[in-house]
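Shown next, in structure tokens, is the structure this report addresses.
Just so it is clear, none of the values below were taken in a lab; they were calculated from the coordinates. Given the structure is predicted, the values throughout are model-derived calculations rather than measurements. As a convention, Cβ positions derive from the backbone with ideal geometry for all residues, glycine included, and neighbour counts pool all protein chains shown.
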Amino acid sequence: MREVVIAGVGIHPFGRFPDKDYRDLGREATLMALKDANIPWNDIQVAYVGNVMAEMTKGHQVLQYFGQTGIPIINVENACTSGSVGMWAAMNSIQNGQYDLALVLGVEKAPKGMIANCGYDRWQMYTGTGANPAHFAMQTKETMWEHGLDKSHLAYISILNHRNGVKNPYAMYQKECTAEEVLNSPMVCDPLTLLMLCAPNEGAAAAVIGTKEAVAKYTSKYVTIAALAFLTKTPADSIFPDFSVPIGTDLVNITTRVSALAYETAGIGPDDLSLIEMQDTDSGSQIRDMVQAGLIKPGDVARALADGDIAPTGRIPVNVSGGLLSKGEPLGASSMGQVVELTWQLRGDAGPRQVPGAKAGAGHTLGAAGNSCFIILKN
Amino acid sequence: MSNEIKVLKEGLFKEEDGKAVLLLGHCLVCGTAFFPERPFCSRCGSDQIEQVSVSDGKLYSWTTVIHPSQENKMALPYGMAKVDFPDHKIRITGVSTETDSEKLTRGQDMRVVVAKAYEDEDGKDVVTYMFQPVEEGK
């Protein structure tokens, strides 16, 4: 298989932009990525566009503005993994020799409040059981029991990610918060308070990818996609809209499966990562996923958090971009936002957020109906 | 005078020997149980499915919802819970009759009940399955 590299990345800030259409957000991120890669739109051979909520042919609406070059444009909707699944498909088409240069864009304008249309049946919605935060809340309790944690550990994740977000000009909330503020913010579904949950919002992020040979003609500052794994759930994963799981099976959870596949493909394990961006939909999910991805050993969570293992200067910095808790979650764009951050980190372009000497970085996304992607980049 | 009763969705639950039960699918090939019942096994894809039922379980986890979600017709706040039914090795999510999270304990006995969820536009009481704590001695 041919090696695939990231030639350039671009991002529109994550936040709320009432005066902008999704097209504006997507075009800004795309232009930035093309410019960063030093590759003109006319040279792009295929484009994948991740989005959940916009209209028919959204990718076409964003991209044909740059010129109707006649290339395939594929719209991808896979919940919170829409962008990374687009990336996965683009990478495969290059690895397999079909194309040499591709654009991947994630773009979203999500309204405030709980996310609608997550695949629930009407009976689930009418009885209020289609409220995503309630499912996150129950998972969080289960994680707390499993690892012997309390609310202070949940607060710590929010504090850390918000502190990291202060250094990210593309984040929605660039403001620190205290444990008191996190714990006293309005309760949404116990034990999760408002500041322990990410906010659906708006934004876009893009990458130009290609074979090393094709990209090298335009730029020398590329980073390599060492692995990008994509899997869906088995019955053992308790992910909405499913309402039952079998107990006591030998099935392995989705984050462990997808991360193991990526580690094996890349030949890079959790101990080799310089940093990781994770799907911190809520504080509890980040904790659960850090363990399931092999970053923290079961039973060692409280110590790891207390010792600052996941802080920017720790053993394995997690969400140095501020994560979704500070950036917000533009569903189709959030995973490409991780790719932008990881690319900058590996190029040494992350400014005040730079993890010194970053050599390998990973991004993990997990979405409704059990989609999960795990990308590993190396420089 | 009480309102006419309307079932939220057919096939989720029924009354059996005076008790409310949830209707599950149970795969005759691999033994996996799933709720709601469906024609193909969620694990192995087999179509050899029998209907089984559960009514008594143990509380696994729970929360209280105090903010409205889209299309919700329940009065706020309402409880949600996951209950384990060891008979068929399955954990099921649903509404809990207990809205005060502090009153619940992990592993406590829960039973399936059928209760009013909300009143619909036609003035009918829409009923669904809920999980209710079993009080001691009852």
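Take the alpha-carbon centre of the range B:6-64, take the same for the range A:183-199, and report the distance between them in whole Å. Cα centroid of the range B:6-64 versus Cα centroid of the range A:183-199: 32 Å apart. For chain B, the share of alpha carbon pairs falling in successive 5 Å distance bins from zero is 2, 10, 17, 19, 19, 16, 10, 5, 1, 0 percent.
Out of the DSSP beta bridges found with both residues in the range B:8-133, what percent are antiparallel (nearest 5)?
Rounded to the nearest five, the antiparallel share is 95 percent.
Pick from A:Val340, A:Val166, A:Val188: which is most flexible by mean-square fluctuation in a GNM of chain A where alpha carbon atoms under 10 Å apart are linked? Evaluated over chain A, the most mobile residue of the options is A:Val188. All other residues with a Cβ under 14 Å from the Cβ of A:Pro200 taken together, and with Lys, Arg as +1 and Asp, Glu as -1, what is their net charge? It works out to a net charge of -1. Mean-square fluctuations from a GNM of chain A, with a 10 angstrom spring cutoff on Cα atoms, peak among A:Val355, A:Val208, A:Val52 at A:Val355. Here the Karplus curve 6.51 cos²θ - 1.76 cosθ + 1.60, taken at θ = phi - 60°, turns the phi angles of the range B:9-21 into couplings of 8, 5, x, 8, 7, 7, 8, 9, 6, x, 10, 7, 10 Hz, with x standing for Gly and Pro. Normalised by residue count, the protein assembly as shown yields a Cα convex hull volume of 159 Å³ per residue.
Taking only the C-alpha atoms of the range A:1-130, the Rg (one decimal) and the largest Cα-Cα distance, Dmax (whole number), read 16.2, 52 Å. A crude spin-label estimate for the pair A:Ala179 and A:Gln64, with each label 7 Å from Cα along the Cβ direction, gives 5.6 nm. Taking other Cβ atoms within 10 Å as a rough exposure proxy, A:Trp145, A:Trp344 sort from fewest to most as A:Trp145, A:Trp344. Rounded to the nearest Hz, the phi-derived 3J(HN,Hα) couplings of the range A:65-71 under the Karplus curve 6.51 cos²θ - 1.76 cosθ + 1.60 (θ = phi - 60°) are 4, 7, x, 8, 7, x, 6, where x marks glycine and proline. Placing pseudo-labels 7 Å out from each Cα toward the beta carbon at A:Thr57 and A:Ala116 gives an inter-label distance of 2.5 nm.
Unpaired cysteine residues in the protein assembly as shown (no second Cys Cβ under 4.7 Å): A:Cys80, A:Cys118, A:Cys177, A:Cys189, A:Cys198, A:Cys373.
In order along the range A:203-214, phi translates into HN-Hα couplings of x, 8, 8, 9, 9, 9, 10, x, 5, 4, 5, 5 Hz, rounded to whole numbers, per the Karplus curve 6.51 cos²θ - 1.76 cosθ + 1.60 with θ = phi - 60° and x for Gly and Pro. Between B:Cys27, B:Pro39, B:Pro133, the Cα set farthest toward the positive side of the dipole of the range B:8-133 (charges on each charged residue's Cβ, about the Cα centre) is that of B:Cys27.
Cross-link candidates for A:Lys233: which lysines have Cα within less than 28 Å, leaving aside residues fewer than 8 places away along the same chain? Once the sequence-local lysines are set aside, what remains near A:Lys233 is A:Lys58, A:Lys109, A:Lys112, A:Lys141, A:Lys297, A:Lys327, A:Lys378, B:Lys9, B:Lys58, B:Lys82, B:Lys89. Between the alpha-carbon centers of the range B:100-137 and the range A:1-72, tell me the distance in whole angstrom. A separation of 49 Å, based on Cα centres.
When all alpha-carbon pairs of the range A:130-233 are counted, what percent fall beyond 25 Å? Of all Cα-Cα distances in the range A:130-233, 46 percent exceed 25 Å. Of all aspartates and glutamates in the structure, the ones whose alpha carbon falls short of 13 Å from that of A:Lys212, not counting any fewer than 8 places away in one chain, are A:Glu3, A:Asp100. Of all aspartates and glutamates in the structure, the ones whose alpha carbon falls short of 14 Å from that of B:Lys124, not counting any fewer than 8 places away in one chain, are B:Glu4. Bridges between two residues of chain A, per DSSP, are antiparallel at a rate of about 70%. On the basis of the beta-carbon distance and an R0 of 30 Å, B:Glu119 and B:Asp87 show a calculated FRET efficiency of 0.35. The simple spin-label model puts a point 7 Å past each Cα toward its Cβ; for A:Asp21 and A:Asn92 those points are separated by 3.2 nm. Calculation over all alpha carbon pairs of the range A:24-101 in 10 angstrom steps from 0 returns a P(r) of 18, 53, 28, 1 percent.
Across A:Gly284, A:Gly269, A:Gly26, mean-square fluctuation computed from a Gaussian network of chain A (C-alpha pairs under 10 Å connected) peaks at A:Gly269.
Among B:Phe40, A:Phe230, the ranking by other beta carbons within 10 Å of each residue's beta carbon, starting with the fewest, stands as B:Phe40, A:Phe230.
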